[in-house]
Structure formats: structure tokens, C-alpha cells
Amino acid sequence: MSSSAVEPDFPDLVCQLDNVQGMVDALSSVRWKRHQDAVLELSEHGIVLIVEDSGCIQAKVYLKRELFQSYDYRAEGRPRFGVGLGLFVDCLNTFSVPGHSSTIEIRYPGPDMQLLFKSVDSPDACTYAEMRTRIPETISWDYNFEPAGSTPLSFTVESAALKEAIDDLEWPGASIQITLQPDPPCVTFRGEGHGDLQIDFMYYANIDLLMAFQCDRRISYRYKYKFLRATTSNIPSSVIRDNRGSKLTIGRGGMLKVQHLVSVSRSSIQHPHIDSAGYQQPSRIAYIEFFVKPEEEDESTINDS
């Protein structure tokens with residue numbers, strides 16, 4: 001039972017965020033179709049939003065408590081509730097003013113288990129909104145992402161280049177084969193349809209495009225195009241503009257993890273830096289993770305020891 005049922009004046013969570021557009025960008029990254037159900041999980045560490053489709057793709061948005069101006073968490077355990085992702089984004093958008101970093105307060109639960117929103121940055125006017133929540137209908141599947149070996153099979157590529165490559169490989173109903181090989185170090189995307197198209201990212205040829213690469217053996221898996229495209233279809237323009245990198249890792253059994261970073265800082269206080277893996281990390285970011293299951297075709301998988 002929510003603590004609000006006992007103490008109405010002390011909801012599970014009251015937090016304030018000073019860049020609504022940053023949160024909209026982060027949540028929009030995992031919005032790949034018109035109607036999507038999402039699960040929100042609250043904890044003392046922050047907010048996690050989870051969406052999934054067909055048991056084949058799952059996406060998570062991590063909003064750590066450090067991203068918020070204030071984060072007052074009083075719940076016992078970790079409350080989980082369902083929302084419509086599109087409605088959630090549209091509700092936040094009503095508080096986003098172009099060229100202005102709006103500050104809002106988010107509160108849960110309201111008297112009828114609503115998610116409550118309130119603008120707090122203007123002494124002259126205040127905007128309120130509320131959103132109905134529901135009990136999650138499904139429990140998120142366990143993706144069991146594990147390393148494929150002692151050496152991670154991963155690469156970091158310019159986000160704009162990754163999106164362009166996947167867009168170019170579109171074939172209706174097709175799958176995309178991703179191959180990593182250590183010698184020469186290269187990542188290959190290959191799509192087949194009425195014809196075939198192959199895109200190679202050579203590590204040494206363009207280190208600005210392929211920022212980091214780790215691979216000790218040749219490995220190859222196929223993924224449904226529609227799920228692979230979902231990982232990049234709504235990358236925020238801020239990520240493209242800032243030339244950030246997206247990190248892709250292939251785990252045990254071919255599970256693909258795609259990671260993006262979305263800034264939720266005010267534009268005047270962004271201080272990005274590059275870590276040792278070539279992954280750009282602004283000071284206040286939302287972590288976006290996609291997990292895509294491979295197609296179950298033995299002949300499409302090559303794993304050289």
C-alpha cells in the first residue's frame with residue numbers, strides 16, 4: 001500500500017526538475033510507436049521508465065536523483081505503476097517553453113493515485129496537470145544481459161552515423177546482420193531485401209566516427225529491422241548536434257545493448273567529457289538503454305574462438 005494512504009501529506013515522491021525539455025528528450029528516445037504502455041519505478045536512487053514490445057525489445061530510461069534540483073523520497077520499497085508513454089510526454093511538453101529552462105514539481109501519488117505536475121518557476125502564474133496511473137499489466141521480462149566472454153564485444157559510434165546507417169538499411173520485414181571482427185577491426189551492418197546493402201565502420205580508418213572498439217573474435221547476429229530501428233528512430237536532436245557517441249555491446253546469446261546519453265542540464269551548465277572508452281558523458285545526463293533479442297537462426301551466428 002502506498003504511504004499516501006496513511007499519510008496524505010507525505011507522498012512517496014516529491015521532486016523538482018529544472019530542464020523539462022531534457023526529460024522530454026530522454027523519454028521520447030524510447031517512443032517508437034504511437035501507443036505504448038510504460039512502467040515507472042520509483043526508488044531512493046531515482047526514476048526508471050521501462051517500455052517493451054513483443055518480448056523482443058526492451059528500453060529503459062534512467063533518471064538518477066542527481067538530475068533533480070530536489071528529490072524527496074519517502075516510500076517503503078519501490079512503487080511501480082503504469083502510464084501511457086505518449087500521454088506522459090505530451091503532459092511534460094505543456095511545461096516546456098522553447099528557449100527557456102522550465103522548472104516543474106512532480107509528485108506521486110495524488111489523492112486518486114495520480115501523477116501530479118506543477119510549474120514552480122514563476123511567481124505570477126502556476127500551471128497544474130495530473131495524469132491517471134494504473135497497475136502494470138505485465139512484468140518486464142528479464143533480459144539477463146551477460147558478457148559474451150572475458151573481452152567485451154562493444155563499440156562506440158557517432159550517434160548520427162549510427163542512425164543514418166540503420167535508416168539506410170531499411171528493407172520491409174527484413175533483418176539486419178551485425179558483425180564484429182578483430183582483424184582488421186571493423187563493424188559491419190548488412191541488410192538484405194530485394195537487393196543487399198552493407199555498411200562498414202573501420203576502426204583505424206576513421207576514429208572520429210568509430211570512437212572505441214573492443215573485440216577479440218569474429219561474431220555475427222541478426223536482428224529484426226523494426227526493433228533495431230527503434231533504438232535510433234527518436235534520438236534527440238541535441239544528441240546529434242553535440243556529436244555524442246552511442247555504445248553498442250553484444251552479450252551472451254547475441255543480446256544487443258544500445259546505450260545513448262541525453263543531457264538534462266540547463267544549456268549554460270553543460271560540461272561534457274570523454275571517458276576512456278570514448279563515451280561522452282555530460283555532467284547531468286539521462287541514461288537510455290535498449291535491449292534487443294537476436295533472431296533465433298543458428299546459421300546466422302558465427303562465434304570463432
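The values are calculated or read from the model by the stated rules, or taken from the named source; none is laboratory data. Not measured: the values here are computed from a predicted model. Cβ coordinates were reconstructed from backbone atoms using ideal geometry, including for glycine residues, and neighbour counts include every protein chain displayed. Surface areas here come from the heavy atoms of the whole protein model, side chains and all, with no ligands, DNA or RNA. Shrake-Rupley method; radii C 1.70, N 1.55, O 1.52, S 1.80 Å.
Some notes on this structure:
- Filtering the range 88-98 for residues that are open to solvent by 40 Å² or more (accessible area, probe 1.4 Å) and more than 25 Å from Asp37 (Cβ to Cβ) leaves a non-empty set.
- The residues of the range 153-165 that are of a type outside the set (D, E, K, R) and out of contact with any strand residue (DSSP E or B) (no Cβ under 6 Å at 6 or more places or on another chain), listed by number, are Ala160, Ala161.
- All of Leu228, Leu180 fail the test of being buried (at least 22 other Cβ atoms within 10 Å of the Cβ) and farther than 21 Å from Val30 by Cα, apart from Leu180.
- Any pair with Cβ under 6 angstrom, 6 or more apart, that starts in the range 101-125 at a residue that is in the same structural domain as Tyr71 (by the TED database) and modelled with pLDDT of 90 or more and ends at one that is open to solvent by less than 30 Å² (accessible area, probe 1.4 Å) and acidic (Asp, Glu): Tyr108/Asp12; Lys118/Glu105
- Just one of the listed residues (Ala129, Ala212) is open to solvent by less than 80 Å² (accessible area, probe 1.4 Å), assigned to a strand (DSSP E or B) and over 18 Å from Val258 (Cβ atoms), and it is Ala129.
- Matching entry among Gly245, Gly254 (being at positive phi and in contact (Cβ under 8 Å) with a residue 40 or more places away in the chain): Gly254
- When residues in the range 244-259 are screened for being in a strand (DSSP E or B) and either open to solvent by 10 Å² or more (accessible area, probe 1.4 Å) or within 18 Å of Phe201 (Cα to Cα) (or both), 10 of them pass.
- Meets criteria (touching a strand residue (DSSP E or B) at 6+ places or on another chain (Cβ under 9 Å), at pLDDT 85 or above and loosely packed, with under 15 Cβ neighbours inside 10 Å) for Asp168: yes
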